[in-house]
Amino acid sequence: MPHQAQFTTADIDAVIGWTVIRAARRATRLLAAALTEHSLTPVEFGVLVQLAAADEELSQADIARAVEMRPQSVAPTIDALITRGYLTREGPRGSGRTSRLKLAPAGNSVVEASFQNVSATNAAFTNDAAPTMALNSALLTFL
């Protein structure tokens, strides 16, 4: 009979990468719930808010980098946001052609409306007894 590895919950929790993945999944569910009333997914919110924060129009590749996705993977999200009237595309679309994406007025409105809900989720990550700035700083540095 083969030997079965023995691990404790503490052993598993000590694997930082796995803990980050679990935390990211939980955070995604929390953000998804906060965005439900605005009919946005966390990725759609990410695309819109990155464009809202940009000083210029962005390419699909720029947006993909900002939301930590591949350009091909973010394409359906961008297309859906264009269809919903939240984004506009300037210039030709196609392989080897760079088109620029811009936040439409409706996209700006939904970002403004949803940002408060998203910001309110910060409370789930804070504890009044322990400051979180160092943790947040460490996470952002890692990212």
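Among the residues of the range 1-29, the ones that are under 20 Å from the mean Cα position of the chain (by Cα) and of a type in the set (F, W, Y) come to 1 in all. Taking each residue of the range 14-32 that is closer than 16 Å to S119 by Cα and looking for partners that are of a type outside the set (A, V, I, L, M) and modelled with pLDDT of 90 or more with beta-carbon atoms closer than 8 Å, six or more apart or interchain, yields T28/P42; L31/P42; L31/F45; A32/T41; A32/P42. Remark: I82 matches the filter, which requires a residue to be out of contact with any Cys (no Cβ under 7 Å at 6 or more places or on another chain), part of a helix (DSSP H, G or I) and more than 29 Å from A124 (Cα to Cα). Among the residues of the range 120-134, are any at pLDDT 90 or above, among the hydroxyl-bearing types (S, T, Y) and not in a loop (DSSP other than H, G, I, E, B)? There is no residue in the range 120-134 that is at pLDDT 90 or above, among the hydroxyl-bearing types (S, T, Y) and not in a loop (DSSP other than H, G, I, E, B).
Among helices (runs of 4 or more DSSP H) entirely within the range 1-75, having at least 3 residues that are surrounded by 12 or more Cβ atoms within 10 Å (Cβ to Cβ) and either aliphatic (A, V, I, L, M) or at pLDDT below 90 (or both) singles out 16-35, 42-53, 60-66. The residue list R97, R84, R89 contains one member that is farther than 24 Å from A27 by Cα and at pLDDT below 90, which is R97.
The values are calculated or read from the model by the stated rules, or taken from the named source; none is laboratory data. Computed from a predicted structure; not experimentally measured. Note that we place each Cβ from the backbone using ideal geometry, even for glycine, and neighbour counts take in every protein chain shown.
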